[in-house]
Amino acid sequence: MDFRAEVRVEPRGLTRRLGRVLHFDARWTDGTVRRDIDLAELMYRRAPADDAVMRTALATSCPGEGSGPWLRYPDGGPAAD
């Protein structure tokens, strides 16, 4: 399973000020891609400790706006395409 982060600039919080918001996508080994997943939900099914590793790797690899690269689960390294 691979994950990627996408940064979108959209209104946030009660003030509705524009800000960077991370969204996550998942890609399974059969090539199926699901967009806007709940990363915590998928991580806690497996190992809660991996959640912090993946979130950090995804956030640091993502550009200022747009999609970052696919990263492999659970270590956050670059995924084979």
From the option list Leu39, Leu14, single residue qualifying as surrounded by 12 or more Cβ atoms within 10 Å (Cβ to Cβ) and without any contact (Cβ under 8 Å) to a residue 60 or more places away in the chain is Leu39
Contact list, first residue from region 56-81 and over 14 Å from Val7 (Cα atoms) and in a loop (DSSP other than H, G, I, E, B), second anywhere and open to solvent by 50 Å² or more (accessible area, probe 1.4 Å) and among the β-branched types (Val, Ile, Thr), beta-carbon distance below 8 Å, six or more apart or interchain, is Pro74/Val53; Asp75/Val53; Gly76/Val53; Gly76/Thr56
Restricted to region 1-36 and to residues being more than 24 Å from Pro74 (Cα to Cα) and assigned to a loop (DSSP other than H, G, I, E, B), the residue nearest to the chain's Cα centre (by Cα) is Gly13
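The values are calculated or read from the model by the stated rules, or taken from the named source; none is laboratory data. For clarity, every value in this text was computed on a predicted model and none was experimentally measured. Using ideal geometry, Cβ is built from the backbone for each residue, glycine included, and neighbour counts are taken over all protein chains shown. Just so you know, the surface numbers come from the protein's heavy atoms only, side chains and all, with ligands and any DNA or RNA stripped out. Shrake-Rupley method; radii C 1.70, N 1.55, O 1.52, S 1.80 Å.
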